[in-house]
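Structure provided below as C-alpha cells; questions to follow.
The values are calculated or read from the model by the stated rules, or taken from the named source; none is laboratory data. Being a predicted model, the structure only gives us computed values, none of them experimental. Methodologically, a virtual Cβ is constructed for each residue, glycine included, from the backbone with ideal geometry; neighbour enumeration extends over all protein chains shown. When the accessible area is computed, the model is the full protein with side chains, heavy atoms only, and any ligands, DNA or RNA have been set aside. Shrake-Rupley method; radii C 1.70, N 1.55, O 1.52, S 1.80 Å.
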Amino acid sequence: GEKDPKTTPLWKKFASGAAAGILGSALANPTDVLKVRMQAAEGEAQTLMWHVRAVYNDGGFMAFYRGVHTTMIRAAILNATKLAAYDDVKHQLINRGIMKDGTGLHFVASMIAGVSVAATTSPIDLVRTRLMNQPAGAKIYTGMVDCFVKTVKNEGIFALYKGFTPQWMRFGPFTIVQFMVWEKMRAWYGMKGI
C-alpha cells in the first residue's frame, strides 16, 4: 500500500484506525465518564462541577478512568471498523467496476461503514455503559468479560444489541457526512486517497 493506496492491506487499515481510537479515547475518558454519569442521573439536574466532585468523591482521580479499558477497546473497534470498512468497500466497488470514484461511491461506502460501526460497537457500548454506571461500592460486574457473560446468560445474545437502531441512526449520518466531507476536502487540497 505504500506505493499504491488502492492495495493497502486490510490489516493496516484496521491497525491505523485502532491506534487512533485507543489514543483518543484514553485521553478523553474523563469527559466520557462525566457524560455517562450526567445522562444516567435521575431527579433534579446537577451542574457539571457537581458531577466532577461526585465522581472524584466516589473514587478519587482514578474514578475518571473507570471503564477506560472498555472505552479504549470500543474506540479501537469503532475506528478500525469505520476506516477499514469505508476504504475497503470504496476500493472494492471501484476495482470491480461497480462504481466510479465520486459522490455516489463515497455515499455508499460511508453508509456501509456506518452500519458496520453500529454492528461492531453495539455490544461493547452496552457493556461499557453498564460498567461506567455501577457504583464503586456495589459492583455488579467484575469487568468487561463478566458483564458480557452475565448479560448474555441473563438476557440472551440479542441484549447486546439493545439500542442498535438509535446507534445506527447516530453513526449512519455522522459517518456519511464525515467521509463525504473528508473526500471533498481531500480533493480541494490535492491530497491522495488513503
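Pick from G104, G114: which is surrounded by 13 or more Cβ atoms within 10 Å (Cβ to Cβ) and assigned to a helix (DSSP H, G or I)?
Within the list G104, G114, the selection yields G114.
Would you confirm whether any residue within segment 23-41 is over 26 Å from the mean Cα position of the chain (by Cα), open to solvent by 70 Å² or more (accessible area, probe 1.4 Å) and not hydrophobic (A, V, I, L, M, F, W, C)?
No.
Tell me, yes or no, whether segment 115-132 has at least one residue that is among the small types (G, A, S), closer than 25 Å to Y65 by Cβ and within 14 Å of the chain's Cα centre (by Cα).
yes
Still on this model: Test P166 against the criterion of being surrounded by fewer than 11 Cβ atoms within 10 Å (Cβ to Cβ), not small (G, A, S) and not in a loop (DSSP other than H, G, I, E, B), and give yes or no. Give the steps one after another, and end with the answer.
On the way: surrounded by fewer than 11 Cβ atoms within 10 Å (Cβ to Cβ): yes; not small (G, A, S): yes; not in a loop (DSSP other than H, G, I, E, B): yes.
Yes; evaluated as a whole, the condition is true for this residue.
Kindly indicate the residue of segment 80-101 that is within 16 Å of A187 (Cα to Cα) and not in a helix (DSSP H, G or I) and also most open to solvent (accessible area, probe 1.4 Å) among those meeting that condition.
This residue is K100.
Another question, then. Can you say whether K139 is surrounded by fewer than 14 Cβ atoms within 10 Å (Cβ to Cβ), closer than 30 Å to M180 by Cα and not hydrophobic (A, V, I, L, M, F, W, C), as far as the supplied structure shows?
Numbers: surrounded by fewer than 14 Cβ atoms within 10 Å (Cβ to Cβ): yes; closer than 30 Å to M180 by Cα: no; not hydrophobic (A, V, I, L, M, F, W, C): yes.
Against the criterion (surrounded by fewer than 14 Cβ atoms within 10 Å (Cβ to Cβ), closer than 30 Å to M180 by Cα and not hydrophobic (A, V, I, L, M, F, W, C)), K139 does not qualify.
Also: Only one of T70, T121 is open to solvent by less than 20 Å² (accessible area, probe 1.4 Å), among the β-branched types (V, I, T) and within 29 Å of T7 (Cβ to Cβ); which?
T121
For M191, indicate whether it is closer than 21 Å to M38 by Cα and not aromatic (F, W, Y).
Spelling it out, it is not the case that M191 is closer than 21 Å to M38 by Cα and not aromatic (F, W, Y).
Within segment 95-107, which residues are hydrophobic (A, V, I, L, M, F, W, C) and in contact with a helix residue (DSSP H, G or I) (Cβ under 7 Å, 6 or more places away or on another chain)? Steps first, please.
Initially, segment 95-107 is screened for residues hydrophobic (A, V, I, L, M, F, W, C), giving 98-99, 105, 107.
Listed by number, the residues that qualify are M99, L105, F107.
For every residue, the table says whether it meets (1) more than 24 Å from V108 (Cβ to Cβ); (2) in contact (Cβ under 8 Å) with a residue 60 or more places away in the chain.
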| position | (1), (2) |
| --- | --- |
| P9 | no, no |
| A19 | yes, no |
| A26 | yes, no |
| N29 | yes, no |
| M38 | yes, no |
| Y56 | yes, no |
| M62 | yes, no |
| R66 | yes, yes |
| Y86 | no, yes |
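Return the only residue of F164, F179 being under 28 Å from Y65 (Cβ atoms) and not small (G, A, S).
After ruling out the rest, the residue left standing is F164.
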